[in-house]
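Step one of this worksheet: look at the structure below.
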Amino acid sequence: MRRRVFLSGTILTGVGLPLLAGCKLPWQSKHQAGSTSAGRAPAAPHGWQQLDGHIAGHHIIVNVSPIIRKDETTSILALELVRASDDKNRTENKPTSSTPENKFTIVDYWRSRANLQPGNVASAVRIMDLQTGRVWNSIDGSNADPGIAPGEKATYYVAFGKVDSEQVTVFVPMTGFVTVSVLEAGSAQQANIDLSAAQTELDTHPNNTTLATPAPIERYTRSLDDSTSTHTGGKDITVTLASDVTFASDSADLAPGAETQLQTVVGQLGQHPDGGTLTIVGHTDDVQDDAYNQTLSEKRANAVKTRLEQITSLDKWKTSATGKGESEPKINDNSDEARAANRRVEITLTPTSGTTKKGASSTPNRSNPGTLPASEGPTAKGSDGVTVTAKSAGSNGEVTIVLDHVTRQGGYLLGTLTCTVKPSSHSANLTVLLTDLESRSGNQRDEDTGSTATFMATDGLTLISGTERVFPADYEQADIKAHIPLTELYVGDELQGGTVTTVGVVWPDPGGDTVTLDHPQSEDSYSTTAFRLTDIPVKNS
């Protein structure tokens with residue numbers, strides 16, 4: 001099926017095609033051709049957008065359609081893949097790519113391991129409204145994945161619930177991000193989208209209506225010393241204090257380290273001057289008996305409440321302090337590590353005005369940036385890149401990782417990393433260099449995601465801001481009740497030497513003109529997995 005592909009001015013210039021000043025593009029009305037009003041975001045173009053992707057080493061052009069609101073319950077996205085005519089087999093462990101026809105299939109890279117409903121080859125493609133902080137999971141999609149030979153193209157369809165925004169950002173795995181318009185069904189033909197062809201594919205399996213409603217994008221940060229973590233959801237903010245820092249063993253007396261921890265809480269309270277509800281809950285491990293642990297957890301919660309009242313005003317907060325003892329462990333295990341995680345105090349703020357604001361400032365204030373801790377691995381400027389060795393069971397290849405800039409959009413930063421396997425390397429696996437190696441059995445929040453949902457995701461690519469580590473933005477997926485990061489969800493292939501792979505990540509915006517990306521060293525890893533990229537400029541969208 002032949003389609004005419006429209007490209008925005010930004011994309012045209014990005015791929016080396018000059019755009020003449022003052023020329024009206026094919027999809028623009030006379031009102032769109034000129035500059036936009038001051039202070040308003042430019043309207044998304046109504047035509048298809050083009051991304052130059054490198055999917056697990058394969059050079060693939062991806063043309064992204066506008067979103068079509070088919071009806072009150074379903075929105076449709078079309079993705080046309082064009083494989084480069086000189087593209088070759090690039091992976092060591094994909095038999096389907098080693099056939100005489102050299103067919104490339106996208107199912108392993110575009111199908112979410114957290115969303116395994118039948119008939120959705122591209123379920124890892126997600127759409128985001130970054131002004132309101134929401135993400136849509138796919139509810140259905142193309143069933144067949146016949147493979148694409150060099151020089152060929154194929155079209156895949158993805159269905160979402162009703163998208164009520166006028167424009168959204170599409171996250172295409174291993175390809176990048178692009179902003180597209182959301183159009184009504186009557187505009188489908190004008191936008192070169194064949195709704196009947198899409199419906200034929202989507203009728204193969206029923207929609208997963210559980211995923212139809214957009215989920216709020218959430219934020220998760222952790223102090224560099226792991227003494228506190230902060231989770232910002234759609235309705236509340238939870239600061240978790242590690243009790244081993246807050247208190248002496250078997251005691252409710254505050255230790256010296258508690259003051260720094262509580263300042264994190266004070267900072268959150270100060271960001272919501274209208275007040276709200278504040279709940280403080282103590283938790284213990286399972287070493288002592290139930291009654292002892294219950295009493296200790298209550299005393300610890302009250303000690304935190306008393307100290308907060310001394311160092312800040314809680315007049316506008318309805319405050320309570322309770323204990324749960326050992327009844328609600330964070331991790332169901334009796335290892336020393338699990339018990340340490342279970343000893344905690346959780347402080348939850350439910351602000352009257354909500355945790356996020358629509359149309360948030362594009363330049364958030366950055367708190368004291370502090371001094372960066374020493375890197376555990378090689379360090380270089382983001383544009384220069386670092387070269388690290390990816391050691392795994394089947395490979396030992398060198399990889400150069402570059403992030404030359406990030407783009408600020410709404411309250412988030414969008415980054416596209418380029419990972420190049422050294423030509424002299426036999427093969428390399430990106431997993432150990434990009435994933436959060438401390439959470440192999442769950443996700444970055446230590447939730448159980450069904451063991452495989454985030455096992456090979458790129459959720460270990462964190463930002464350092466002040467004394468905090470900022471994890472990739474995530475959201476709670478309704479059908480598994482766990483958080484999925486806005487990152488690549490699979491980078492598990494053994495890539496041949498000389499190949500290039502694109503890696504996309506969304507982070508909460510910590511503010512500032514530059515950011516530092518850091519992949520920490522795992523205590524359990526047998527190889528050096530740490531690296532750091534500094535002085536990465538932030539560009540406005």
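Here, each number is a calculation from the coordinates, and none is a lab measurement. Given the structure is predicted, the values throughout are model-derived calculations rather than measurements. With ideal geometry, Cβ positions are generated from the backbone for all residues, glycine too; neighbour counts draw on all protein chains shown.
The figures follow:
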read-out	value
When each of LYS162/LYS481; LYS330/LYS481; LYS305/LYS481; LYS330/LYS391 is checked by Cα-Cα distance, pairs over 23 Å	LYS305/LYS481; LYS330/LYS391
Loop-resident sites, region 462-541, for trypsin sites (Lys or Arg not before Pro), counting at most 15 other Cβ within 10 Å (DSSP)	LYS481
Reach of LYS70 by Cα under 17 Å, taken over aspartates and glutamates that are not fewer than 8 positions away in the same chain	ASP140, ASP164, GLU166, GLU184, ASP194, GLU201, ASP203
Cut-off under 5 Å, modelled amide H: who pairs with ASP436 long-range	ASP459, GLY460
Total formal charge among the other residues, if their Cβ is under 13 angstrom from that of GLN294, Lys/Arg +1 and Asp/Glu -1	-4
Aspartates and glutamates whose Cα lies under 19 Å from that of LYS316, excluding same-chain neighbours fewer than 8 positions away	ASP236, ASP274
Per-residue ³J(HN,Hα) for region 504-518, Karplus 6.51 cos²θ - 1.76 cosθ + 1.60, θ = phi - 60°, Hz, x for Gly and Pro	x, 9, 10, 10, x, 7, x, x, x, 8, 9, 9, 10, 9, 9
